[in-house]
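Bear in mind that the values in this text are calculations on the coordinates, not laboratory data. Since we're looking at a predicted model, the values are computed, not measured. Because the Cβ atoms are built from the backbone with ideal geometry, glycine has one as well, and the counts that use them run over all protein chains shown.
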Ligand SMILES: Nc1ncnc2c1ncn2[C@@H]1O[C@H](COP(=O)(O)OP(=O)(O)OP(=O)(O)O)[C@@H](O)[C@H]1O
Ligand SMILES: [Mg+2]
């Protein structure tokens, strides 16, 4: 008996110490009549509501009856043993009611309570947070949809721009579908990759410079320097020291050693335009470059190795110059390893329509004109012409026609191939022969040249392309001459 009692006491003491330590609130009620026991967590939360301490304290009394009300309702609703939720003042509680038979057989209830207030608050915050995330996301989705719409709009604008650009002239391309031009184009691409020297021949305006550009673009040297030299614009000694450099003291004014263009452009390409115009001395120097791959600076005697690719062009007949003895045969051979000969436009009239369309597009774009119709009569007229100035002349004729066209059509009125003489007589008329005493030939020729350029430019209202066409001279050469004679086309408009 004593042992049993001790066992009971031990059990009660164990149960008590367990209840004292757990964080959940535990109450023991006598049905819904009064509170028999509260563990420290419960007391901390509600205050001590046990029967023995109420003692008529109205605040505690009402708290206790509110709690016992919950117990009564749970029993009444048969929810004993279930996990339920309720509010108590500002607090949100989760609770379970479990029946417990007292030591004396009393009908008691364990009332286990957990305070969910913080947890609920947290959940509310979480749901608020979710809601705002949802709002932000839906905003972002709308923004993305909007930017996708903008992207699609821009893409379609870009496409139409590309379509439009397709119509723009392909600057630098060789236009023409004649057999001669197709063969020429094939040849350009075939020989471009080799480092071989190339001689481009053809009448003025046939496209020699265009071919030189294409050769260089399609070569392995397309990223290295490209130097264009017009051989007829620089005088002999200047050209030589300009190209090959000079040693200190090589001539008056050469106060320091200087590298020439061939050395500066090392690894690149040099285009020697109008090669037929170089002097015998320059021919010898150039031969050395082509033969031995080196140069000797003016005033020096040690050769310097260089690596340049030479592309030369001329509208002169070098073979007959060789026969006449004005061009070295050995240089001719070295230059003429590969010859690209561009036929004159009159021999490939099939290209006229393509070229005309190309130039109409080019200039209607440049002059912002709406020209979209070329009558057959105009094409027939262009096909009839012999084009002594070749493609350059055709380009000029079309340029002028587009500029002058009144509506969206080019008519015969805008088409003219004038070669009229200078209509403004020189005042006072110059008689060069009366003024030759004491002057060099070069000086007199320069004066005549200047007068001719001025006269023709004036007639063409300062229009350089027309003047170039009329005088049948390369554009580069013409600009060089204008610079040398201090002529500005603007003042002649
Ligand atoms: N096949 C072509 N397609 C498009 N444009 C061309 C074509 N051939 C020539 N041209 C144009 O004609 C003009 C004259 O060409 P380029 O200057 O190359 O001729 P060139 O033979 O060097 O003349 P010149 O001997 O007078 O220096 C340039 O504006 C060039 O773009
Ligand atoms: Mg040229």
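Relative to the longest principal axis of the Cα atoms of the chain, the long axis of helix 280-292 lies at roughly 50 degrees. Rounded to the nearest 0.05, the FRET efficiency derived from the C-beta distance between residue 190 and residue 255 at R0 = 60 Å is 0.80. The packing ranking of peptides 445-452, 69-76, 389-396, 92-99, highest mean first, is 389-396, 92-99, 69-76, 445-452, where packing means the average number of other beta carbon atoms within 10 angstrom of each residue.
Each of residue 284 and residue 339 was given a label point 7 Å from its Cα along the Cα-to-Cβ line. The distance between the two points is 2.6 nm. For the range 88-130, the residues whose backbone nitrogen is under 15 Å from a point 7 Å from the Cα of residue 24, taken along Cα to Cβ, are 93-100, 109-116. Just to verify a number: FRET efficiency for residue 450 and residue 368, C-beta to C-beta distance, R0 = 30 Å, to 0.05? Computed FRET efficiency for residue 450 and residue 368: 0.30.
Could the peptides 14-21, 3-10, 245-252 be put in order, highest first, of the mean number of other beta-carbon atoms found within 10 Å of their residues? Don't jump to the answer; show the numbers that get you there.
Numbers: 14-21: 11.5, 3-10: 9.4, 245-252: 15.5.
Going by the mean number of other Cβ atoms within 10 Å, highest first, we get 245-252, 14-21, 3-10.
In plain terms, the chain from residue 173 to residue 48 could stretch by 34.9 nm, reckoned as 0.36 nm per residue minus the Cα-Cα distance.
What order do you get for 304-315, 118-129, 343-354 when each peptide is scored by the mean count of other beta carbon atoms within 10 Å, highest first? Don't skip to the answer; put the middle values down first.
Details: 304-315: 20.9, 118-129: 10.8, 343-354: 17.3.
Ranked by mean Cβ neighbours within 10 Å, highest first: 304-315, 343-354, 118-129.
On a 0 to 90 degree scale, rounded to 10, what angle separates helix 351-366 from the longest Cα axis of the chain? Helix 351-366 sits roughly 60 degrees off the main axis of the chain. Semi-axes of the equivalent ellipsoid of the chain are 109, 32, 22 Å, computed as sqrt(5λ) over the eigenvalues of the C-alpha gyration tensor in descending order. Sorting 60, 149 by the number of Cβ atoms found within 10 Å of their own Cβ, with the fewest placed first, yields 149, 60.
Note on residue 130 and residue 94: the model spin-label points, each 7 Å out from Cα along the C-beta direction, lie 1.6 nm apart. Any chance you could check the Cα centroid distance between the range 1-53 and the range 443-488 for me, in angstrom? Rounded to whole Å, the Cα centres lie 120 Å apart. For helix 117-166, what angle does its Cα long axis make with the longest principal axis of the chain, in degrees from 0 to 90 and rounded to 10? In the chain, helix 117-166 runs at an angle near 20 degrees to the longest axis. The calculated FRET efficiency for the pair residue 329 and residue 406, based on their C-beta separation and a Förster distance of 60 Å, comes to about 0.60. With the simple spin-label model, which puts each label point 7 Å out from Cα in the Cβ direction, the residue 148 to residue 316 separation comes to 7.0 nm.
Each Cα pair under 8 Å and six or more residues apart adds its separation to the average, and for the chain the resulting relative contact order is 11 percent.
Helix-only estimate, please: 222 nm mean residue ellipticity of the chain, summing -39500 (n - 2.57) across DSSP H runs of length 4 or more and dividing by its residues, to the nearest 500.
Values: 18 runs with 241 residues, N = 493.
Dividing the helical sum by the residues of the chain leaves -15500 deg cm²/dmol.
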